[in-house]
Amino acid sequence: MSGDTFDQDEMWDAINADPASGRAKALAYLDANPPLSPDNRRRALNIIGVSFAMQGRMDEALVYAHQALDMAMAQNDFVSASRGWTNIGAMEQARGELAAAVEAYGNAVELSKQADQDAVAHDHTLTNFGSLLLEYGRPDDAIELLEEARPVLLADERPTDRAGGFLPLAKAYRRVGRLDDAESLLEEIRGFLDLDESAELTGTLHCEEAQLALARGRTGEARSAAQRCLSVARDSDLLLPQVDALTVLGSAAMSARNINQAKGYLTQLLSSLDQAEAAVSSGSDPAPSIVRRRLEASRLASDIAISEGRLSDALENFRTRIALDETLDGIASKAGSALDTFRYRQEINTLNLQLLESEAATLQSRNAQQQQFIFGALLLAGLLALLVWVFFRSDRQKRALNAALQRSLDGQRLLNLDMQHRVKNNLQLLLSLLNLQLQSASSESASAVKSVRNRILSMAALYNNLYTDEESDVGATISAKDMLPELIGRIASTYEANNRVGTVSIADIHFDKATASPLGLLVAELVSNVFKHTDESFDLSLLAKENDRIVLTIADRGPAFSANADFKTGGGLDIVNELALQIGGTLEHWSLSPKGNEWTLEFSDRAAPVKRAAR
């Protein structure tokens, strides 16, 4: 094969139609005789890297992408180098290497500035970084970046580039529930994209059409689009579109109650997913594209297991889904930090460019008036001064920002403390008013007033425990060992029943305030009910079980609950049930033999965040 016959546009068309066969042609050109020119050799290396990436083989793709980048940098071709860094960022993103992807996109922006190709390179960088945020579970931030790139994409004469930017935006619209916007954008893409030009884009388009139809409940349309996607993906050995298409087909089969067909699709789905994961490989963090698809596969497996009555398998899949959800939450949090880093880097780059341009203009005006030797000395002095000025200015800005943040934090803490004191004072005022009312209340209404007063006393005791001066921060946690015994003691003192507190067994568990508050009020209500309606003692335990479950048990030796009409009609039962729902728990009651009641509350630290004490 002769290097003189190399045609870049023809090679791009070849890998878009079939990545494997197009790559084979590009690899053959590397050994051409006569050899390729340096520019064409760099283009061939880039095309080979992209073809591997289209099939999800990111490790091999990065090898060729870096070779192409090294050649571009050696030739001082900043336009090609900028695009090379953008490609590398997309590949690192697919491997789950978030930090490396952000670094690559930042390098692409810097080189685009040097190449004076701001619009084109900035558009590609925003599109790829928007896709990164979408894959890492931040669709709202992705929409912001992708919509910023949309005007430049509309002016792009290459339909494949335009579609490559619009498809992630359509997917982001679907993820946030903007289904009409997603459907409108997909119709626009179908209007300008030649479906025979790029197998990867065509497969992605069909898959997105299938997922949108499924989201709208149009099962038949979703199945048809997924079949089209699967056909294109298998013809071109595109693994992730195969996974997406099989997921939609499995979900559609479950909607039609065709369990056997759904199981067949699930088997194919897991096989394709394993191949895709093996192709991506080697990232230090799990690739979000794989984790998200594992979650969808686990959801389909759960539905099949439930339909077949295999509850233990369904439970195992639910646990897998919980673990995958937690992984995606962590990934989304890291993506938010990466977005802040990317924006900060853009701002710093813009500032540095402005400073360099200003200094260059000053030096240029002096060049006409001074000797070459004097000009060189002034240039060196100016650059040194600029570096020192940037260093000290950055240091001053950092100190000023830290001081402002500290002042803001101190102010928030003062406001928080003031609010806590006001709440405590208001609770005390309410108690005083109720005590006055109690003095003049009739015997019929006195019981209701006492009930309200005792509930407020419980709330005040709980509030004093939750919001001490030392734990005024919003994120502080509360020890159950400290909170519940003190709360029970105060309630017992209110009813003059300290001798009726039995065994209290509490594990070393810490709760955040959003969980501690309703839990404390629930305990206060049940303990108060014991003191009001029995003359017997009670026992309380709070224990941690396996699978991150927590169980609260309160048992008394009083009359059976069915005889306790006041607790039912007085609203106590409604209150404790509502408090149990707030922490995602289930409250159950048993009557004990020969007499007594046992209340059990079981809840999960996922439904209500719980932090365990350090061991």
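Bear in mind these aren't lab numbers, they're just calculated from the coordinates by the rules spelled out. Quick caveat: nothing in here was measured; it's all calculated off a predicted structure. So basically every Cβ, Gly included, is an ideal-geometry build from the backbone, and we count neighbours across all protein chains shown.
Distance cut-off 26 Å, Cα to Cα: go down the list Lys481/Lys595; Lys263/Lys545; Lys424/Lys481; Lys450/Lys481; Lys25/Lys171; Lys424/Lys450 and report the pairs above it. Flagged as over cut-off: Lys481/Lys595; Lys263/Lys545; Lys450/Lys481; Lys25/Lys171.
Packing, taken as the mean count of other beta carbons within 10 Å per residue, orders the peptides 218-228, 175-185 from highest to lowest as 218-228, 175-185.
Between Ile456 and Phe391, the C-beta separation translates, for a Förster distance of 41 Å, into a calculated FRET efficiency of about 0.10. Report the net charge of residues surrounding Ser80, where surrounding means a beta-carbon distance below 10 angstrom and charges are Lys +1, Arg +1, Asp -1, Glu -1. Taking every Cβ under 10 Å from that of Ser80, the sum is +1. Residue ranges 298-305, 54-61 sort as 54-61, 298-305 when ordered by packing (mean number of other C-beta atoms within 10 Å per residue, highest first). With R₀ fixed at 25 Å, the C-beta to C-beta distance from Thr494 to Leu414 puts the FRET efficiency at about 0.20. Site pair Ser537 and Leu380 shows an inter-label distance of 9.0 nm when each label is modelled 7 Å from Cα along Cα→Cβ.
The order of the peptides 389-397, 139-147 by mean Cβ neighbours within 10 Å, most packed first, is 139-147, 389-397.
If the chain between Ser505 and Leu405 were fully stretched, how many nm would it gain, using 0.36 nm times the residue separation less the Cα-Cα distance? Taking Ser505 through Leu405 to full extension adds about 31.7 nm, to one decimal. Electrostatic bookkeeping for Leu239 treats Lys and Arg as +1 and Asp and Glu as -1; over the other residues with beta carbon under 12 Å from its beta carbon, the sum is -2. Computed on the stretch 177-302, with alpha-carbon pairs under 8 angstrom and 6+ residues apart, the relative contact order is 19 percent.
Once the C-beta distance of Ala24 and Phe192 is scaled by a Förster radius of 30 Å, the resulting FRET efficiency is 0.50 to the nearest 0.05. Taking amide hydrogens as placed 1.01 Å from N in the peptide plane, the amide H of Asn597 sits under 5 Å from those of Asp556, Arg557, Gly558, Leu592, each at least 5 positions away in sequence or on another chain.
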